[in-house]
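The values are calculated or read from the model by the stated rules, or taken from the named source; none is laboratory data. None of these values were measured; they are calculated from a predicted model. Note that each Cβ is placed from the backbone with ideal geometry, even for glycine, and that neighbours are counted across all protein chains shown. These area figures cover heavy atoms from the full protein model, side chains too; ligands, DNA and RNA do not enter into them. Shrake-Rupley method; radii C 1.70, N 1.55, O 1.52, S 1.80 Å.
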Amino acid sequence: MALIELAGIERVFRLGDADVHALAGIDLSIDSGEYVAIMGQSGSGKSTMLNLLGLLDRPNTGTYHLEGRDVTTLSPDEQAAVRSRRIGFVFQSFHLVPRLTAAENIALPMSLAGIPPAERDRRVAKALKDFGLDNRADHRPDELSGGQRQRVAIARATIMHPALLLADEPTGNLDRATGEEVIHLLETLNQSGVTLIIVTHDHNLGARAARHLVMEDGRLTSDSRRPASADFSS
Amino acid sequence: MRTRDVLRFARDAGAGYPLRTSLSILAMAIGVAAVVVLTALGDGARRYVVAQFTSLGTNLVIVIPGRTATGGFNPANTITRTPRDLTVEDAAAVLRLPGVQRASPLAAGNSEISVGGRLREVLAIGVAQPYVEIRNFQLQQGTFIPDMDWSRTLPVAVIGAKLREELFPGQAAVGQFMRVGDRRVRIIGVLKPSGQGLGMNTDELVFLPVALAQALFDSNTLFRILVEARSRNHIEGVKQEVATLLKARHGGEEDVTVITQDAMLATFDKLLRALTAAVAGIAAISLAVAGILVMNVMLVAVTQRTGEIGLLKALGAEARTIRHAFLAEAGMLSLFGAIAGYLLGQLATFALRQAYPAYPAYAPDWAVAAALVTALTTGLLFGIMPAQRAARMDPVQALMKH
Ligand SMILES: Nc1ncnc2c1ncn2[C@@H]1O[C@H](COP(=O)(O)OP(=O)(O)OP(=O)(O)O)[C@@H](O)[C@H]1O
Ligand SMILES: [Mg+2]
């Protein structure tokens, strides 16, 4: 069964008198566990697409089924619950809360979901270890390097064991080597079963994904799959 | 989100902006402290006046020459000129009334005293023996004016403690002679210091037998008749009896005013309570101002943390959670402000009491409670709007602001 099923999605922004079709006639199906890169010119609608997939935005028309459930008709709080349990976000600018430590940032989705402190501590400790942040637990974001910050953000995005991981230019603010490291981390998560969708400008990064979506003026112009046998280290 | 986590999140958020947070806490604290201090001053004035009145004696009924239309107590009466003399005989007649426990005539006038060439202007009070019991005075040395015929001009005097120190420093006063006006009197007693008594400092008075004082002032009239009713229940009856008696004695003319200590006390009490409530109201305005400041601070916080609000939504926070987090922050600003203001106010009133021990500057409990409750409710009330604004924010728009 498809994890994501989009049918006839339109997203129109009104700018003065003009309508901007950020998404137009999108039909798309993504299976559980896929690794998808979305590419395209600036302004082609990639971020709008990702926001829609992450239930941060609603389409003007069309339906979105996530795990077989029509999520376009859910109330804001029901959508919040789906984001909490099923979706993780990784942002270009990390979006860490500056006054909270690395550990507290990672624990934030669990606090919001009302998970008991003992369970939170257990999961945070494991995540810190898994993401190589053991000795950075009590550091605030401004005491961390860019790569460390993004690793904290990824740990936070995955701490609730989501089915879907959405990353908008996750390496945009990182140097090449650190970017590779972060991508490698995301790919490892994908290999453990999480569906990974990355928006990127970087063709080298995009090429690593098993499936490439190319957008142009709000439309999907290309949807290609790499043969499954291809190796990941390119 | 668990309540404890909401509170911790709000606390950390407030602590993240120490200057802004401490300024709004300070504003709230000043508001609460203002209520505490101002009502302490107002209620202190009330307690002070009540204490002064009570020190006059208990179950008191006071006869004042002159008549007011309403018969109620009016401070202006106390200086009304006498239309018809109030006499020692009137006082003696009052003493014979059934509900009366004690009564004393009271004549007052300025007089010059001299001891060993030292001259001093004093207020001389002519009274009878019951006066010492009515006023509940204690003697330091000697005895009070003896129980005798009120028309006797026995040349004796009882002086206040301060006067004794001035006139007879370091020596016994009892048994000494002094000159009062043109009379030579023997000092038979010294009062213990009290300092009480509505304007007249008893420590600086000279007490003489009433007839002697009247002879000295060359006047037959009394300044007051002080009456002590047998009990609290007798006060109203005695008041009526005295009024009827004196009307009869004065040829059917109602030319005296009979007031009860209770009535005076009640009037002043009411007046000063109203004053305290009024200053509390004025001080409460500063609490409203502080509430608006909290709202302002929270609006700034919402704008400043827009990106964070977007993030919280992306991480699955419900609108309710975000509203609660911001409300909790506003509530904490108010709470800490209220606590700080309470402590500040208590400290200030403590300092006041240290500086003026006679002045009981204690904030009434109702004022303290009202200040704290008002601080919290204004803080929360003014916190609702910013919290709503945060909760309603569009997550995509919010995330773009970073
Ligand atoms: N809130 C908005 N109001 C109006 N127009 C918007 C809004 N958000 C996006 N758009 C428009 O929708 C189109 C797609 O925007 P989107 O941000 O999805 O592009 P993008 O592919 O992510 O671009 P980039 O690579 O620069 O991030 C653009 O023309 C943009 O101007
Ligand atoms: Mg974009």
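Go through the residues of region A:16-33 one by one and say whether even a single one is among the charged types (D, E, K, R) and surrounded by 15 or more Cβ atoms within 10 Å (Cβ to Cβ). Scanning region A:16-33, I find no residue that is among the charged types (D, E, K, R) and surrounded by 15 or more Cβ atoms within 10 Å (Cβ to Cβ), so the answer is no.
Taken over region A:165-210, residues that are more than 14 Å from chain B (Cβ to nearest Cβ) and away from ligand 1 (no atom under 16 Å from the Cβ) amount to 28.
Reported count of residues in region B:282-325, each being β-branched (V, I, T), within 11 Å of chain A (Cβ to nearest Cβ) and open to solvent by 40 Å² or more (accessible area, probe 1.4 Å), is 0.
Taking the criterion of being assigned to a loop (DSSP other than H, G, I, E, B) and either surrounded by fewer than 22 Cβ atoms within 10 Å (Cβ to Cβ) or facing chain B (nearest Cβ under 8 Å) (or both), the residues of region A:86-101 that qualify are A:F91, A:Q92, A:S93, A:H95, A:V97, A:P98, A:R99, A:L100, A:T101.
Checked against (1) over 23 Å from B:V88 (Cα atoms); (2) out of contact with any strand residue (DSSP E or B) (no Cβ under 8 Å at 6 or more places or on another chain), B:D182 meets all criteria but (1).
A quick yes/no check of all residues on (1) hydrophobic (A, V, I, L, M, F, W, C); (2) surrounded by 13 or more Cβ atoms within 10 Å (Cβ to Cβ); (3) at pLDDT below 95:
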| site | (1), (2), (3) |
| --- | --- |
| A:S111 | no, yes, no |
| A:P116 | no, no, no |
| A:E119 | no, no, no |
| A:A127 | yes, yes, no |
| A:F131 | yes, yes, yes |
| A:D134 | no, no, yes |
| A:R140 | no, yes, no |
| A:E143 | no, no, no |
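Considering only residues in region A:36-68 that are touching a Ser or Thr at 6+ places or on another chain (Cβ under 9 Å), open to solvent by 10 Å² or more (accessible area, probe 1.4 Å) and assigned to a strand (DSSP E or B), the one that is farthest from ligand 1 (Cβ to nearest atom) turns out to be A:H65. Restricting attention to region B:116-140, which residues are open to solvent by 80 Å² or more (accessible area, probe 1.4 Å) and free of Cβ contacts under 8 Å to residues at least 24 places away in the same chain? Result: B:G116, B:L119, B:E121.
Within the bounds of region A:149-157, is there any residue that is open to solvent by less than 10 Å² (accessible area, probe 1.4 Å) and at the interface with another protein chain (Cβ under 9 Å from one of its Cβ atoms)? Yes, because at least one residue in region A:149-157 is open to solvent by less than 10 Å² (accessible area, probe 1.4 Å) and at the interface with another protein chain (Cβ under 9 Å from one of its Cβ atoms).
Here is a yes/no grid of residues against (1) within 10 Å of chain B (Cβ to nearest Cβ); (2) away from ligand 2 (no atom under 16 Å from the Cβ); (3) charged (D, E, K, R); (4) not in a loop (DSSP other than H, G, I, E, B):
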{"site": "A:L6", "(1), (2), (3), (4)": "no, yes, no, yes"}
{"site": "A:R11", "(1), (2), (3), (4)": "no, no, yes, yes"}
{"site": "A:V20", "(1), (2), (3), (4)": "no, no, no, yes"}
{"site": "A:A24", "(1), (2), (3), (4)": "no, yes, no, yes"}
{"site": "A:G33", "(1), (2), (3), (4)": "no, yes, no, no"}
{"site": "A:S84", "(1), (2), (3), (4)": "yes, yes, no, yes"}
{"site": "A:A103", "(1), (2), (3), (4)": "no, yes, no, yes"}
{"site": "A:I106", "(1), (2), (3), (4)": "no, yes, no, yes"}
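For beta carbons closer than 9 Å, sequence separation of 6+ or different chains, a first residue in region A:192-220 that is farther than 22 Å from A:L174 by Cβ and a second that is more than 16 Å from ligand 2 (Cβ to nearest atom) and in a helix (DSSP H, G or I), the qualifying pairs are A:A210/A:N190.
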